[in-house]
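Working notes, structure below.
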Amino acid sequence: MTILVTGSSGHLGEALVRTLQAQRREVTGIDILPGAFTQHVGSIADRAFVRRCMKGVATVLHAATLHKPHVATHSRQDFVDVNITGTLNLLEEAAAAGVTAFVYTSTTSVFGDALVPPPGNPAAWVTEDVTQVPKNIYGVTKAAAEDLCQLFARNHSLGAIVLRTSRFFPEEDDSRATREAYADANAKANEFLYRRVDIEDVVSAHLLAARHAPSAGFAKYIISASTPFSRDDVADCAATRRRWSAVTCRTMRPNLRGAAGR
């Protein structure tokens, strides 16, 4: 039975198809853009196109998306059409075709402002249980698509796994301050400390999820580089920060009084 990869002309989709072909798996790729690993060119927002591509498919790896860099170039309606309607089309046609495994490539961007440490804390500890607070149309539409996956897992017995991936795309950082402060390779290396993941690990996670989706029912997992910290380190950092703040205040006060006297 065939594995269908959406977004097969993209960074992740191409890597998925390459890997599956190397394993001599039967795989077909679809994308809105032609590419060496794309057999069917069309939009997942086109229900009839999706239906044609779903014939004979047992597993769907859904990597096609408008992602964060597209916020500057595409409308909110474009995000809804691709990320929500496109995902709904795939889920409905997958359920109708008897697909047994559906793996959805989501993003840690769905957490949004939940990634921002609470006032007075130096860091936030993020797990799959953290409630997401999307802060842009990208995060909103990815979160909505996750909910659609859960709906089909519950109501249509479609084994669906959501992978919330950290950054792995090749574009430069979307923060101008970061781009100006670091070379691109250095910025990406720094990101491995807290919000980046190697694409090889992302591919492996998708293949493992596809294997276990039929028995898992529905599940969400964060796919990111291993953190060097533990939950206890968050409290230790907070205590250290308070101690240094106290030292700074005691050191600065005489200087401030002296400046005022002059």
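Could you please tell me which pairs satisfy a Cβ distance under 8 Å, a separation of 6+ or placement on different chains, a first residue in region 1-19 that is assigned by TED's automatic domain parsing to the domain that holds Phe168, and a second residue that is acidic (Asp, Glu) and part of a helix (DSSP H, G or I)?
Every condition considered, the pairs that remain are Ser8/Glu14; Ala15/Glu200.
Hey, can you tell me all the residues within region 123-148 that are assigned to a loop (DSSP other than H, G, I, E, B) and under 19 Å from Phe218 (Cα atoms)? Don't jump to the end; show me each part of the working.
Restricting attention to region 123-148, the residues satisfying the condition of being assigned to a loop (DSSP other than H, G, I, E, B) are 123-132, 134-136.
Once the filter is applied, which keeps residues that are assigned to a loop (DSSP other than H, G, I, E, B) and under 19 Å from Phe218 (Cα atoms), region 123-148 yields Thr127, Glu128, Asp129, Val130, Thr131, Gln132.
For Gly139, which of the numbered conditions (1) in contact with a strand residue (DSSP E or B) (Cβ under 6 Å, 6 or more places away or on another chain); (2) under 16 Å from Asn83 (Cα atoms); (3) surrounded by fewer than 20 Cβ atoms within 10 Å (Cβ to Cβ) fails to hold?
Result: Gly139 passes all but (3).
Examine region 163-170 for a residue that is touching a Gly at 6+ places or on another chain (Cβ under 9 Å) and in a loop (DSSP other than H, G, I, E, B), and state whether such a residue exists.
First, the residues of region 163-170 that are touching a Gly at 6+ places or on another chain (Cβ under 9 Å): 169.
If we keep only those that are in a loop (DSSP other than H, G, I, E, B) as well, we get 169.
Among the residues of region 163-170, at least one is touching a Gly at 6+ places or on another chain (Cβ under 9 Å) and in a loop (DSSP other than H, G, I, E, B), which makes the answer yes.
Could you say which residue among Thr131, Thr73, Thr87, Thr107 is in the same structural domain as Ser157 (by TED's automatic domain parsing), in contact (Cβ under 8 Å) with a residue 60 or more places away in the chain and among the hydroxyl-bearing types (Ser, Thr, Tyr)? Full working, then the answer.
Details: Thr131 fails: in contact (Cβ under 8 Å) with a residue 60 or more places away in the chain; Thr73 fails: in contact (Cβ under 8 Å) with a residue 60 or more places away in the chain; Thr107 fails: in contact (Cβ under 8 Å) with a residue 60 or more places away in the chain.
None of the other options fit; the residue is Thr87.
Considering only region 1-34, state which residues are assigned to a loop (DSSP other than H, G, I, E, B) and modelled with pLDDT of 95 or more.
First pass over region 1-34, keeping only residues assigned to a loop (DSSP other than H, G, I, E, B): 1, 7-10, 23-26, 32-34.
Once the filter is applied, which keeps residues that are assigned to a loop (DSSP other than H, G, I, E, B) and modelled with pLDDT of 95 or more, region 1-34 yields Gly7, Ser8, Ser9, Gln23, Arg24, Arg25, Glu26, Ile32, Leu33, Pro34.
Given the criteria closer than 24 Å to Val202 by Cβ and aromatic (Phe, Trp, Tyr), does Phe49 qualify?
Judged against the criteria, Phe49 is not a match.
The values are calculated or read from the model by the stated rules, or taken from the named source; none is laboratory data. The structure displayed is predicted, hence computed values, not measured ones. When we count neighbours, we look across all protein chains shown, and the Cβ atoms used for this are built from the backbone with ideal geometry, even at glycine.
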